[in-house]
Every structure is written in structure tokens, then in C-alpha cells.
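Chemist: Following this message is one structure expressed as C-alpha cells.
The values are calculated or read from the model by the stated rules, or taken from the named source; none is laboratory data. These figures come from a predicted structure and were not determined experimentally. Using ideal geometry, Cβ is built from the backbone for each residue, glycine included, and neighbour counts are taken over all protein chains shown.
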Amino acid sequence: MKDIPITDVRNFVLLGHTGSGKTQLLDAILFKLGVNDRLGVTAEGSSMADYTDEEKDKKISLWAKPFAATYKGAGKPVRLIMLDTPGYADFFGQVVGASAIADAALIAVDAHSGVQVGTTRVWRRCEQLGMPCGIVITGIDRENTDFSKALESIQALWGAKCVPVVLPAADGKSVCDVLAGNAPADLADAAEKSKTALIEAAAETSDALMEKYLGGETLSAEELSAGMRAAMLQRKLIPVFVTVSKADVGVKELLDGVVRFFPSPAERTWKDNKDNAIESRADAPFCAQVWRTVNDPFIGHLVFLRVFGGTLKSDSEVYNSTKQVKERIGALQTFNGRKVEALAEASAGDIIALAKLKGTGLNDTLCAAHQTLEFAPIKFPNPVMSYAVAAKNQGDEDKVGTGLHRIAEEDPTIKLVRNVETHEQILSGMGDIQLDVALKRLKARSNVEVALSTPKVPYKETITARGEGHYKHKKQSGGRGQYAEVYLRVEPLKAGETEWFVDDIVGGAIPSNFIPAVKKGLDEALLTGVLAHCPVVNTCVAVYDGTYHDVDSSEIAFKIASRRAFSDGMMKAKPVLLEPIMKITVMFPDQFMGDITGDLNHKRGRILGMGAEDGMQVITAEAPQAELFKYSSELRSITGGRGSFEMEFLRYDIVPSNIAQKVIAEAQKHKKQEED
């Protein structure tokens with residue numbers, strides 16, 4: 001904002017496992033800042049953060065959403081830009097997008113549940129980004145909770161750099177600032193210990209401060225604050241807060257801590273995709289990145305962008321350096337839940353929304369007209385669950401495709417592709433809850449319904465030996481006939497080779513003008529193998545002999561002969577069925593180890609490695625895709641929602657004979673039904 005300098009802006013993202021209290025905390029902050037006139041509660045459907053119909057129905061956060069307000073604490077006004085994110089694993093893509101453009105993270109940890117798999121996952125995300133972090137312990141007002149035990153578990157995982165900056169009173173109805181020096185007697189020792197740790201962390205960030213500290217001098221409030229922000233920037237200090245959101249306990253102290261510890265946009269170093277540092281000054285060249293898009297039924301296409309440098313004004317022109325097109329900017333908007341506020345300008349740290357841009361989408365870079373810089377695209381996780389999707393009612397196919405593509409534009413972890421091998425529309429995402437929400441939105445927006453089914457596995461075929469193939473095509477039915485004869489060899493394609501067709505014809509056994517028809521026939525033959533009519537891969541074909549007729553030979557005759565000769569040769573070359581093998585990384589609490597390994601063995605999985613990370617067990621394994629279509633919901637059932645996994649394609653491998661026989665029998669049965 002124009003009246004607040006960039007040094008007095010704080011941009012941070014709220015992260016945590018589902019149920020950790022981060023959205024309730026955000027509602028308490030918004031109420032404290034006067035953005036909302038009442039304290040919203042997710043469970044009651046009154047949350048300012050979880051305001052969409054889908055979120056009210058599920059009673060969880062589904063999308064990352066920005067909020068902005070001015071905090072007038074003891075000092076000068078500070079602009080706070082906050083991003084709420086989902087904690088549910090299915091919506092981790094929203095976490096990825098929001099964390100990629102925030103200056104710092106505040107991770108919520110429930111005192112009763114402690115560090116869970118979702119907590120570990122967001123911690124790892126912050127580590128990958130080198131992002132400064134703070135932790136807020138919530139839920140200490142619940143029965144059987146203890147702040148000290150929660151703090152000890154956090155420090156056991158992430159080290160002594162996790163230092164409490166506030167401590168709760170024994171009754172949980174108030175907190176004390178450890179730097180204020182006014183802790184009650186029962187907290188005096190703990191407060192002094194934390195204060196010393198904070199001062200030492202600040203002093204270690206510069207030689208001047210360390211010399212002053214070792215000399216017995218007291219660091220000024222400004223020196224201490226600057227040192228603590230520097231330590232947090234270097235991830236050498238993780239300030240720990242505590243709140244009871246509904247009772248407004250610790251909320252003010254948390255906001256004061258954000259101002260004191262969290263870096264401003266001017267202090268966080270951002271770089272473009274060529275590793276050039278971005279100038280975060282208001283008078284620097286403008287640059288921003290789109291981190292989320294929304295197709296609003298009333299407003300239209302909205303893009304949310306983070307301003308990294310310079311100033312953007314309404315009714316101006318910018319350059320989309322990703323698409324290399326100019327864009328005309330109308331009004332700048334900032335969102336607080338359903339509340340929309342128009343802005344005259346936006347500077348570094350601000351998150352704004354722009355409507356009616358012609359060609360700008362996710363990950364695009366917008367900059368000043370004379371700039372050409374680009375930001376590296378945000379990399380989102382791969383989908384882990386898929387369904388084959390088809391319109392329930394005939395004639396709705398186009399509506400389904402268009403509607404789902406629009407939904408996929410809003411969430412990059414949702415993919416809609418047509419599998420050219422199985423001829424199915426495949427809808428993929430991070431889990432069944434995410435896909436259920438997507439389909440309900442499709443029905444609400446487009447008034448269409450879809451039928452879901454387990455996708456067909458995209459099997460392939462290959463050969464394991466050498467085989468000779470021959471076919472003579474001869475047809476005479478009055479008039480000009482058809483004649484072509486082809487001899488060929490098939491053998492496995494050697495590693496590293498890509499040229500699969502070899503013309504070994506000598507002496508004009510097959511005239512050169514018919515060779516393209518032979519190759520075209522083989523191209524068609526490779527699309528449907530001899531076992532389950534699947535595409536054939538890693539196979540070399542050498543055509544070495546044949547015969548022709550001066551009158552009856554034709555291109556169509558040689559196409560037919562080469563197809564039949566290939567089938568003959570492939571049957572003699574020990575053909576096998578191949579299936580896609582996926583690599584999966586599963587993270588879960590220790591008590592589920594036996595259940596997880598047993599289930600993976602049942603799925604024909606092979607464990608590649610096991611280890612522990614941040615208090616969680618991590619298994620890396622490979623398993624056939626055919627066994628993993630429902631693994632997201634199965635893992636949730638096994639672990640009670642406390643497990644998560646990532647998946648990526650690894651390779652194709654031979655299908656065991658007992659399973660291959662079933663697949664082949666089913667394929668032949670299906671083909672016979674089609675022919676009948």
C-alpha cells in the first residue's frame with residue numbers, strides 16, 4: 001500500500017496438518033484486526049476463511065486464499081498479507097502454490113496431536129524452499145494437553161533452534177512475552193532460558209552484535225529485532241508461539257512476534273529463473289508471478305499474483321514475459337474472504353487479483369514493459385489417484401470435457417487427459433475428496449453428471465526373442481486381383497537404438513515404390529499386438545524378402561501382407577505383456593509399519609528403502625500401476641488419515657504370467673464381443 005513502506009510489510013503463509021487450528025487462528029487474527037466483525041468458526045459455517053459452499057459442506061479448507069490488513073500494534077502500522085492453506089493431503093497442491101510466493105511460514109501444531117504427517121510434509125516443503133519458519137502451538141485449552149511436552153516433541157524433531165518467544169500461564173488464560181522480562185515466578189526460569197537463546201541467536205548473525213554481546217553490553221531493541229529476523233531468515237531460529245484462538249489468548253503476542261521476527265519483502269532475497277536477484281524496492285522495475293487462477297462464475301477468469309518488485313498501478317499496461325504478450329490492467333483487487341477491496345496500486349509483498357486478462361495464466365511472469373525477466377515455474381506434485389470419466393447422458397461429452405478443463409485450470413494437481421491407448425478420458429488428482437469436490441463443482445457449474453470407473457491399465461507388448469514372419473496375400477475375384485508376399489524378422493530393439501525399421505531387400509524382391517506401404521502396414525501392426533491388442537514397443541523389424549506381381553500388386557496388398565507377416569513373426573518371438581511400474585514414497589507414523597509393508601506386498605510391491613524422517617517412517621517402493629488406482633483412499637483407511645504418499649512413473653516391466661493370462665483372456669473376450 002502506498003502509505004506503508006515495504007520494510008513494514010509482512011507476507012506469510014499459514015501451514016499445518018488438517019485439524020491443527022490454523023484456519024481458526026486466522027479467523028481470530030481477522031477478528032482482532034477488525035477485518036471481521038465477529039469471530040468466525042469453521043464448524044459453525046461462519047469462518048471468514050472457509051467461506052465457499054464446498055468448504056462449509058466439508059468443514060475443511062480446500063483452497064489457498066490471501067487476506068490483508070493493517071496491524072496497529074505498539075509501534076508504526078504494519079501491512080500483514082496472510083495466506084490460509086488447506087491441511088488435508090488431497091489439497092497439498094494449494095500449499096505448494098501459496099508457499100512458493102510467501103516470504104515466511106507459520107506452521108500450526110496442535111498440542112494434543114503433536115507433529116503429524118501433514119506437519120512433516122509442510123516442514124519439508126519449507127526446507128526445500130529455504131523458507132523462514134515460525135511455529136504456533138494451538139489447542140492447549142483442550143484436555144490432556146501440555147505446552148511443555150508439545151514443545152519438547154518439536155525440539156526433539158527440529159532442534160533447539162525452535163525457541164519459545166511466549167509462554168502460557170498454568171491456567172492457559174494468558175501468555176507472557178519472554179523478552180519483556182515480566183514473567184510470573186513459575187515461568188521465570190523458562191522465560192530466562194528462552195530469552196538467552198533468542199539473544200544469542202540474534203548476536204550470532206553479525207560480528208558487531210557478537211562482539212557487543214560478548215563484551216557484556218545489552219543489545220538495543222532495534223539490534224535485537226534485526227538480529228532475530230536475520231537468524232530466522234537463515235533458518236537458525238524458529239520462534240515458537242502459543243495461542244488459544246477462541247479465547248483471544250496469545251493472538252496479539254503472535255502478531256507482535258510476526259512484526260518482530262518475520263522478514264519484510266525487502267529482506268527476503270528472490271531470484272528469477274536466471275538466478276538474478278530481484279529488487280524489492282517500490283521504485284524498482286515491476287515484476288510479479290501468477291500463483292493461482294480462479295474461474296469465477298460471476299467475475300470470470302481471475303489471476304492471483306504476488307508482486308516481488310516495483311509498483312503496479314490500476315489502469316496500466318504490463319508485459320507477460322512468459323507468453324510474450326502485452327496485457328492491459330484494469331482494477332487491482334485484494335480479497336478478504338468474500339470481501340473485495342479495490343486498490344490504486346500494489347508493491348512488493350502484496351498479493352492481488354486481476355480480472356479479464358486475455359492470455360495470462362498460472363506461473364506466468366508479469367513485468368514492466370521494458371523488462372524480459374521470468375520466474376521459474378512453480379512445480380506442483382504429481383496426481384496419485386485416477387478415474388476413467390464419461391458423461392452419464394449422451395450428448396454431454398463436450399460439456400464434461402470443457403467443464404473439467406476449467407476446473408483443472410484452477411488446480412494444477414487435477415489433470416484431465418485422453419489416453420490414446422485405452423481411449424478413455426482420465427481424471428487424476430491427489431485423492432478421492434479432491435476429485436469429489438471437483439465433480440460437484442462441475443455439476444453446479446455445468447449441470448452435467450459423470451460416471452466414474454477404474455481406468456484401464458495402459459499395457460504394452462514386446463518380444464523377448466527373435467522370430468521369422470511370412471505372409472502371402474493373394475486374392476482373385478474377377479478383374480484385377482491383389483498380390484503381395486513379405487518375409488521379415490523381428491527381434492528386441494537394442495538399448496539406445498530408436499530406428500526400428502530395417503530395409504534389407506536386395507535385388508528388387510519388393511520394388512522400392514512398395515517399401516513405404518510395407519512400413520505403413522508395420523506402423524499399423526505395432527498399434528495392436530498379438531496378445532492383448534496393445535501397442536508394441538522395443539521391437540525391431542527387418543524386411544528381407546518378398547515377391548510381387550506386375551499387375552496385381554498394390555500398396556494396400558503390401559500393407560496387408562506386412563501386417564500379417566509381423567503378427568506371424570511376433571508370435572514366434574516369445575511375446576510378453578508389459579505393465580507400468582510406479583515409484584511411490586509413503587510417509588506414516590511408526591505404528592502402521594506392519595500394515596503398510598503387508599499391504600505393499602499384497603499389491604506386488606517391492607520395497608526399495610526404509611527410513612525415518614522428522615519422526616515419521618518413510619518407505620520407498622515400486623508397484624504396478626494396476627494395484628495403485630485406489631491407494632490414496634486405502635492408505636487413508638489403514639492409517640486413519642495420518643499417512644501420505646507421492647507417486648511417479650518409473651518404467652514398464654513384464655507382467656507375471658498368471659496375471660497376464662487373465663488380462664489376455666479379457667482382451668480377447670472384449671475383441672470378440674466387438675466383432676460380434
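Chemist: Pull out all pairs, ordered by first then second residue, where Cβ-Cβ is under 9 Å, the residues are six or more apart or on different chains, the first lies in the stretch 17-32 and is in the same structural domain as residue 96 (by TED's automatic domain parsing), and the second is surrounded by fewer than 24 Cβ atoms within 10 Å (Cβ to Cβ) and acidic (Asp, Glu).
Modeler: Short answer, once both residue conditions are applied: 17/110; 19/110; 20/110; 21/110; 28/248; 31/37; 31/248; 32/248.
Chemist: Within the stretch 131-153, restricting attention to residues that are part of a loop (DSSP other than H, G, I, E, B) and modelled with pLDDT of 95 or more, which residue is farthest from residue 261 (Cα to Cα)?
Modeler: Result: 131.
Chemist: For the stretch 89-122, give me each residue that is outside any helix (DSSP H, G or I), within 20 Å of residue 254 (Cβ to Cβ) and aliphatic (A, V, I, L, M).
Modeler: Matches in the stretch 89-122: 102, 104, 105, 106, 107, 108, 109, 111, 115.
Chemist: Further question: Considering each residue of the stretch 272-293, count those that are part of a strand (DSSP E or B), modelled with pLDDT under 95 and basic (Lys, Arg), and give that number.
Modeler: The number of residues fulfilling the criteria is 0.
Chemist: Filter the stretch 294-314 down to the residues that are modelled with pLDDT under 90 and in contact with a strand residue (DSSP E or B) (Cβ under 7 Å, 6 or more places away or on another chain) and list them by number.
Modeler: Result: 295, 296, 299, 300, 301.
Chemist: Taking residue 496, is it small (Gly, Ala, Ser), modelled with pLDDT of 95 or more and not in a helix (DSSP H, G or I)?
Modeler: Numbers: small (Gly, Ala, Ser): yes; modelled with pLDDT of 95 or more: no; not in a helix (DSSP H, G or I): yes.
Spelling it out, it is not the case that residue 496 is small (Gly, Ala, Ser), modelled with pLDDT of 95 or more and not in a helix (DSSP H, G or I).
Chemist: Sticking with this structure for a sec: I'm checking my understanding of the structure. Among residues of the stretch 618-654 that are of a type in the set (Phe, Trp, Tyr) and part of a strand (DSSP E or B), which one is nearest to residue 536 (Cα to Cα)?
Modeler: Among those that are of a type in the set (Phe, Trp, Tyr) and part of a strand (DSSP E or B), it is 652.
Chemist: Would you confirm, using the coordinates I've provided, whether residue 202 is assigned to a helix (DSSP H, G or I) and either in contact (Cβ under 8 Å) with a residue 24 or more places away in the chain or in the same structural domain as residue 99 (by TED's automatic domain parsing) (or both)? Step through it out loud before you land on a result.
Modeler: On the way: assigned to a helix (DSSP H, G or I): yes; either in contact (Cβ under 8 Å) with a residue 24 or more places away in the chain or in the same structural domain as residue 99 (by TED's automatic domain parsing) (or both): yes.
So residue 202 fits the description; yes.
Chemist: Which of the residues spanning the stretch 82-96 are of a type in the set (Val, Ile, Thr) and surrounded by fewer than 24 Cβ atoms within 10 Å (Cβ to Cβ)?
Modeler: Of everything in the stretch 82-96, just one residue is of a type in the set (Val, Ile, Thr) and surrounded by fewer than 24 Cβ atoms within 10 Å (Cβ to Cβ), namely 96.
Chemist: May I pose another question? Which residues, counting only those in the stretch 429-458, are surrounded by fewer than 20 Cβ atoms within 10 Å (Cβ to Cβ), under 23 Å from residue 63 (Cβ atoms) and among the polar types (S, T, N, Q)?
Modeler: 446, 447
Chemist: Taking the conditions exactly as written (of a type in the set (Phe, Trp, Tyr), touching a Leu at 6+ places or on another chain (Cβ under 8 Å) and within 18 Å of residue 89 (Cβ to Cβ)), does residue 566 satisfy them or not?
Modeler: It is false that residue 566 is of a type in the set (Phe, Trp, Tyr), touching a Leu at 6+ places or on another chain (Cβ under 8 Å) and within 18 Å of residue 89 (Cβ to Cβ).
Chemist: State the number of residues belonging to the stretch 290-304 that are within 18 Å of residue 53 (Cβ to Cβ) and among the basic types (Lys, Arg).
Modeler: First pass over the stretch 290-304, keeping only residues within 18 Å of residue 53 (Cβ to Cβ): 294-299, 302.
Next, only the ones that are among the basic types (Lys, Arg) stay: none.
Result for the stretch 290-304: 0.
Chemist: Further question: Please count how many residues of the stretch 125-182 are of a type in the set (S, T, N, Q), touching a strand residue (DSSP E or B) at 6+ places or on another chain (Cβ under 7 Å) and within 13 Å of residue 242 (Cα to Cα).
Modeler: 2
Chemist: Pairs please, first residue from the stretch 498-513 and within 16 Å of residue 548 (Cβ to Cβ), second anywhere and assigned to a loop (DSSP other than H, G, I, E, B) and of a type in the set (S, T, N, Q), Cβ atoms under 9 Å, 6+ apart in sequence or on different chains.
Modeler: 510/553; 511/553
Chemist: Turning to a different aspect of this structure: Within the group 71, 88, which residue is in contact with a helix residue (DSSP H, G or I) (Cβ under 8 Å, 6 or more places away or on another chain), under 13 Å from residue 23 (Cβ atoms) and of a type outside the set (A, V, I, L, M, F, W, C)? Before you say what the answer is, go through the steps one by one.
Modeler: Numbers: 71 fails: under 13 Å from residue 23 (Cβ atoms).
One residue alone meets the criteria, 88.
Chemist: Restricting the stretch 586-617 to residues that are part of a strand (DSSP E or B) and surrounded by 16 or more Cβ atoms within 10 Å (Cβ to Cβ), which is modelled with the lowest pLDDT? Reasoning before the result, please.
Modeler: Taking the stretch 586-617 first, the residues part of a strand (DSSP E or B) are 586-588, 606-613, 616-617.
Next cut, surrounded by 16 or more Cβ atoms within 10 Å (Cβ to Cβ) only: 586-588, 616-617.
Numbers: 586: 95, 587: 93, 588: 92, 616: 88, 617: 93.
Within the stretch 586-617, the match that is modelled with the lowest pLDDT is 616.
Chemist: Would you check if there is a residue in the stretch 393-402 being closer than 30 Å to residue 584 by Cα and modelled with pLDDT under 95? First the steps, then the outcome.
Modeler: In the first step, residues of the stretch 393-402 are kept if they are closer than 30 Å to residue 584 by Cα; the result is 401.
With modelled with pLDDT under 95 added as a condition, the list becomes 401.
Checked against the condition, which is being closer than 30 Å to residue 584 by Cα and modelled with pLDDT under 95, the stretch 393-402 yields at least one hit.
Yes/no per residue for (1) in contact (Cβ under 8 Å) with a residue 60 or more places away in the chain; (2) over 27 Å from residue 594 (Cα atoms):
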{"residue": "611", "(1), (2)": "no, no"}
{"residue": "638", "(1), (2)": "no, no"}
{"residue": "655", "(1), (2)": "yes, no"}
{"residue": "665", "(1), (2)": "no, yes"}
{"residue": "669", "(1), (2)": "no, yes"}
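Chemist: Please enumerate the residues belonging to the stretch 205-221 that are under 11 Å from residue 179 (Cβ atoms) and in a loop (DSSP other than H, G, I, E, B).
Modeler: Once the filter is applied, which keeps residues that are under 11 Å from residue 179 (Cβ atoms) and in a loop (DSSP other than H, G, I, E, B), the stretch 205-221 yields only 219.
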